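Derivation of every value follows stated rules applied to the coordinates shown; laboratory data play no part. Quantities reported herein were computed from a predicted structural model and do not represent experimental measurements. As a convention, Cβ positions derive from the backbone with ideal geometry for all residues, glycine included, and neighbour counts pool all protein chains shown.
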Amino acid sequence: MKVILFFGHHKVGSTALQSFFSQNYLSLLRAGILYPAVESEGFSDALKRALAGQDSKGGTPINVREPHNALAFRMMAQISNGKVPAYHGSLPAMAQMIRSLRQQVAALEPQTVVMCSEVMANFGAKNPELITRLRDIFPEAEFELYCTLRRPDEYLASWHGQRLKLGHQVAPLRDGGAMDYRQSIHFDYRKMLAPWAERMPEARLHLRNYSDVLAAGGSVEDFTQKTGLDCPDGLIAPARANQSLPYAVMEIMRRGNHALPKETTRRMRRFLLTMAGKLDFPPNGKVELFGGETRAALADAFEPIHDWLGELTGRQAFFPDLGEMRKARPMPETEAVRKALDKLLRVAPDERPEPEVWAVIETLSREFRDARPRLFKRRKLA
């Protein structure tokens with residue numbers, strides 16, 4: 001039996017992969033490919049499909065779609081006496097999860113087990129023993145590893161937006177926020193990858209550049225092609241998942257996270273994402289989030305990491321366009337935010353968010369009309 005394991009990175013199409021495998025659970029199982037559940041919600045969904053004799057085209061709950069993220073969070077919580085995020089609630093104990101994985105393999109006898117978890121990208125830095133424990137769940141299996149990396153400046157911008165969507169109170173990327181990531185797996189790709197190579201040296205590693213993944217058609221297409229996964233015809237294509245905040249509204253969301261209660265920031269996020277589909281915000285490719293000095297410092301710090309990636313993969317330049325990392329985009333973030341605020345203020349009254357959220361937008365709009373906008377101060381709105 002082969003276990004194909006996607007272990008990251010974040011923001012590289014993992015949600016699309018998880019949606020694809022969960023939505024097509026029954027069809028894939030009939031072809032000898034198991035996307036295993038780890039808790040009762042997943043088992044109930046699998047039984048429902050088996051009784052109906054077909055997969056469902058609708059969306060799936062998070063524990064059904066992302067069971068291996070739930071597993072990863074449980075593993076990390078156990079080793080550090082931490083907690084699993086509330087959105088993966090009501091999980092069984094770790095021992096029960098492992099037992100259920102092994103029982104599914106024994107009962108269903110798949111040719112291939114697919115596990116997909118961007119959360120596992122944290123294993124090496126958190127505690128490399130987690131990688132060994134994961135491997136030992138399937139002691140007789142042949143392992144194949146798949147990981148996708150983005151050029152660091154593009155990745156940090158995307159990860160910054162993801163954290164803002166989750167309501168995190170963070171600094172702007174150009175005001176210390178980007179440099180805060182230098183020692184983490186979100187910048188130091190060697191810290192993320194080396195423990196996997198050391199703990200699973202016999203596993204074949206597919207290390208992919210996100211640009212190449214996009215050129216192949218996306219994460220599902222690249223994953224199935226590179227791993228040689230023999231999927232049946234007629235599978236359900238995943239809908240667009242995990243919509244990103246446009247760069248031009250990230251600072252608006254960031255300030256809202258500092259000024260508003262958590263539940264209100266969720267509604268602010270939904271409003272901004274809805275408006276992203278209706279308003280012509282400045283395109284991401286033109287908006288500069290870092291600033292020239294921060295870009296240069298990041299690029300210098302990444303050079304030895306990039307050299308290591310080349311040694312690991314046998315490629316002279318894992319990111320052939322790495323020089324773009326040093327080039328500032330033409331539109332300063334201040335200008336992009338001002339343009340976005342101007343467009344938001346013209347939204348029809350019946351499309352506006354609740355008063356608390358609208359007050360933040362109006363306050364920021366007045367601030368940005370000043371000659372010296374206070375874009376990067378770490379403070380709550382007055």
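Below, the figures for the structure above:
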quantity	calculated
Charge dipole (debye, nearest 20) of the range 1-159; +1 at Cβ of Lys and Arg, -1 at Cβ of Asp and Glu	180
Positive dipole terminus of the range 1-148, leading residue within Cys147, Gly82, Leu47 (C-beta point charges)	Gly82
Distance from the range 1-59 to the range 199-277 (C-alpha centre basis), Å	17
Label-point separation in nm, Ile79 to Asp321, each point 7 Å along Cα→Cβ	3.5
Angstrom value of the Kirkwood radius, inverse mean 1/r, which spans all Cα pairs in the range 65-119	12.1
Whichever lysines have a C-alpha closer than 19 Å to that of Lys126, once near sequence neighbours (fewer than 8 apart) are set aside	Lys83, Lys191
Top positive-direction residue, dipole computed over the range 220-325 with Cβ charges, set Pro282, Val220, Thr294	Pro282
Residue exposure sequence - Thr112, Thr313, Thr264, Thr148 - by fewest surrounding Cβ within 10 Å	Thr313, Thr264, Thr112, Thr148
Geometric extent, Cα atoms of the range 160-237 - Rg, Dmax (angstrom)	17.2, 49
Helix-only [θ]222 nm of the chain, DSSP H runs n ≥ 4, -39500 (n - 2.57) each, per residue, nearest 500	-15000 deg cm²/dmol
Charge dipole magnitude, Cβ of K and R +1, D and E -1 - the chain, Cα centre, debye nearest 20	1300
Taking Cys116, Cys231 and counting other C-beta atoms within 10 Å, the order from fewest to most	Cys231, Cys116
Virtual spin-label span in nm between Gln103 and Ser211, 7 Å along Cα→Cβ	4.8
Calculated Cα extents along the principal axes in Å (choose from [x] 62, 45, 38; [y] 69, 56, 39; [z] 68, 49, 42), label	[z]
Neighbour-count order for Phe143, Phe281, fewest beta carbons within 10 angstrom listed first	Phe143, Phe281
Under-5 Å amide H pairs with Val3, H placed in peptide plane, nonlocal only	Val113, Glu142, Phe143, Glu144
Label-to-label distance, nm, for residues given as Ala93 and Arg267 (7 Å Cα→Cβ offset)	4.2
Built amide H within the under 5 Å cut-off of Thr148, gap 5+	Gly8, His9, Arg208
17 Å Cα cut-off, lysine pairs counted over the range 243-382 (separation 8 or more, or different chains)	5
Cα gyration tensor of the range 198-306 - equivalent ellipsoid semi-axes, whole Å, descending	33, 24, 15
